[in-house]
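Presented below is the structure to which this report refers.
The values are calculated or read from the model by the stated rules, or taken from the named source; none is laboratory data. Model, not experiment: these values are computed from the prediction. Ideal geometry is used to build each Cβ from the backbone, glycine not excepted, and the neighbour counts take in all protein chains shown. Note: areas computed on protein heavy atoms with side chains; ligands, DNA, RNA excluded. Shrake-Rupley method; radii C 1.70, N 1.55, O 1.52, S 1.80 Å.
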Amino acid sequence: MDYLQIKRVNSLNGNIKISGAKNASLPLIAMTILATNSVSIKNLPHVADINTLLKLLSNLGAKCNRGSDTTTVDTTSLTQTKATYDIVKTMRASILVLGPILARFGHCEVSLPGGCAIGQRPIDLHLKALEQMGAKIDIKAGYIEATAPNGLKGCDIIFDKITVTGTANIVMAAALANGNTIITNAAREPEVVQLCEILNASGVKIDGIGTAVLTIHGTSGKLINIDEFSVIPDRIEAGTYLCAGAITRAELTLTNVNASHLGAVLSKLEEMGSTFTITDDTITIHPSDLIKPVKIVTQEYPAFPTDMQAQFLALATQANGTSIIEEKLFENRFMHVSELQRMGADISLNGHVATVNGGTKLSGTDVMATDLRASSALVLAGLVADGTTDVHRIYHLDRGYDSLEVKLQNVGADIQRLKE
Ligand code: UD1
């Protein structure tokens, strides 16, 4: 198993190119199930979750050709409709194939994803919406079996909670449905917006893109032609490197980034003392020596993302005062706290609220990554900790960060990938 070894250096400086967004890529790859053609996708990140979904589609009969810049996915040869446990257990987002496979074939089986380190993460809202669209859902022997032999029908869906992959799944199902589907309380994340925009450009008319009410005009089962597209930049990867700049007090320039997707993150970093120079596709962070404490509540987009909570918590350990960080989306998303405490951070947890007394000196030690974003929080802490920090179990990090150690080495960090 690999681990990362980090030693503190005096300063970082330079450019970091942001990769394509993992969370945009996953639904976009699933979307190719709706296509009549082989789809070319540019800017897919080189991360494990993407390989997992391509493997899932290949197992079902699709032909996937992974290139360094362009990947082609041809699902015209896809014949199988069962996503098995061995793949789904490694990535919950495999559930994204349920909507499009069911819409195209009238049948789909997906292993139940099960629990997850950051909380229960049920998929009841996906299933309830598909039932409203006329699907019959049976749960047996650990599998969801969905059938809709006469196709799905458009209807009004009101999500009780905002769900990102739930919205993407139902948008894809509704794309081939008979009639119109109106989704109320839809997710507005940029990753959902890109999915809707590409479907809209491919002949599935969608009204309300980027709002909480989406109207999807189904094609009554007709598959669509999808032109080549490029995945949007990863806003969470970008936010993580901005935190790296802020915590090490280094001026870093991110390239291939979209600042308009990072509003809440930039605004919190500003509150903490950083300023920015922003162009169409770059962000330069000008950090301040004094990091100010902050109050953060994680919420759905456009509010502050839960996927940035762990990194800001690491940053808050170096602030000049007490920060309060409230996690509203996932009940167990503070596993990084005990690891940061082992490095010397002063954090107390009360339910879903973390109180971080900043300004403590961190010391390098062995720490364990517990989920994807917790992993990068430990790397951030390692960049400023005295001595050597060894971050173990980085298979979590490899799920979603493209070449993290190489990108950090390029700006002067002392970080190595080593074998246990
Ligand atoms: C997506 C992101 C993940 C991010 C999360 C919240 C992808 C691949 N993953 O995950 O990185 O942390 O959004 O921004 O895009 N819920 C239910 N029932 C459901 C579905 C969700 O109760 O059927 C709850 C969840 O437990 C959670 C909340 O709704 O409390 C939001 O979850 P959701 O938006 O669905 O997260 P994901 O799409 O899994």
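Some notes on this structure:
- Computed from the Cβ-Cβ distance with R0 of 45 Å, the FRET efficiency linking residue 341 to residue 178 stands at 0.25.
- Residue 275/residue 139 FRET efficiency (R0 56 Å; Cβ-Cβ; nearest 0.05): 0.60
- Normalised convex hull volume, segment 268-324, alpha-carbon set, Å³ per residue: 86 Å³
- Carbon plus sulfur fraction of accessible area for segment 42-121, probe 1.4 Å, in percent: 47 percent
- Maximal additional length on extending the residue 59-residue 353 stretch stands at 101.6 nm, based on 0.36 nm per residue less the C-alpha distance.
- A Gaussian network model of the chain, with springs between Cα atoms under 10 Å, assigns the largest mean-square fluctuation among 277, 322, 75 to 277.
- Segment 292-330-segment 73-136 distance, computed between alpha-carbon centres (Å): 31 Å
- Once Rg and the Kirkwood radius are both taken over the C-alpha atoms of segment 169-215, their ratio Rg/Rh works out to 0.90.
- Highest mean first, the peptides 98-110, 300-312, 358-370 sorted by other C-beta atoms within 10 Å per residue fall in the order 98-110, 300-312, 358-370.
- Distance between segment 8-72 and segment 226-255 - C-alpha centres, whole angstrom: 16 Å
- By the rule of a C-alpha distance below 24 Å, with chain neighbours fewer than 8 residues away ignored, the lysines paired with residue 7 are 17, 361, 407, 419.
- Estimated D of segment 14-85 in µm² per second, where Rh is the Kirkwood radius over Cα pairs and Stokes-Einstein applies at 25 °C, 0.890 mPa s: 195 µm²/s
- Radius of gyration, Dmax [segment 310-412; alpha carbons; angstrom]: 13.1, 39
- Per-residue [θ]222 nm for the chain (sum of -39500 (n - 2.57) over DSSP H runs n ≥ 4, rounded to 500): -9000 deg cm²/dmol
- Spacing of the modelled spin labels on residue 92 and residue 366, each 7 Å from Cα toward Cβ, amounts to 2.9 nm.
- Farthest toward positive dipole pole in the chain [+1 Lys/Arg, -1 Asp/Glu at C-beta], among 133, 250, 335: 133
- Rotationally averaged projected area of segment 143-236 (alpha carbon convex hull; nm²): 6.9 nm²
- By the Kirkwood approach, averaging reciprocal distances over each pair of separate Cα atoms, the chain gets a hydrodynamic radius of 21.9 Å.
- The residues of the chain expose, per residue, 37 Å² of accessible area to a 1.4 Å probe.
- D by Stokes-Einstein for segment 47-142, Kirkwood Rh over Cα pairs, 4 °C, 1.567 mPa s: 90 µm²/s.
- Under the simplified labelling scheme, the residue 82-residue 207 pair shows an inter-label distance of 4.2 nm, with each label point 7 Å from Cα along Cα→Cβ.
- For segment 104-193, convex hull of alpha carbons as volume per residue, Å³: 99 Å³
- Put a plus charge on the Cβ of each Lys and Arg, a minus charge on the Cβ of each Asp and Glu, and nothing anywhere else: the dipole of segment 268-329 about its Cα centre is then about 260 debye.
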